[in-house]
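What follows is calculated from the coordinates using simple rules that are stated; it is not laboratory data. The shown structure was predicted, so the numbers you read here are calculated from the model rather than taken from an experiment. Reconstructed Cβ throughout: ideal geometry from the backbone, glycine too, with neighbour counts over all protein chains shown.
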């Protein structure tokens, strides 16, 4: 059991199910390629999507856009991607020199949730589909709701807030650090009996006193 972080669109309008999947770090080379930092260790949605939707960074230290650069386009049509070490590098239609690539520096990259490739394993889920799900134990007792996941190397860990706590919307960033009242439940078969995304419920082998 594991959790993963998500056809080109003809409409350049902002998708209602857009999720942030990476950030443009800089130009790469002199022929218009860009270097992208993925926000997931398995960024299939970023790598396979042919259209990326953009928003400017709200962090001025990250943005560092070239003075006089043209306005950030609302979307990019991706012609080609490949790995270069830990970075994803991409060739964008209509950008063929370094200046054009540098004008995109710092942009936040979003793709529609509908463009995420389907998980290949029935026990594999995208983290965004788990946020907000109710968590109950085998006795039917309410444990809480999923507000985020932690990556701990070989496995993910569910961050479960108490039932009466506010839950971060699925499309937003969860709180950076777990709060003291959250339960941390390893997202592995030894503790997770069932994930029913349609019913918005996860059943776990976990006592209220754990």
Counting all Cα-Cα pairs in region 98-147, those more than 13 Å apart amount in percent to 75 percent
How large, in Å, is region 14-115 by the Kirkwood hydrodynamic radius built from its alpha-carbon pairs? 13.4 Å
Kindly state, to the nearest 0.05, the FRET efficiency for residue 93 paired with residue 58, given R0 = 22 Å and r defined as their beta-carbon distance. 0.25
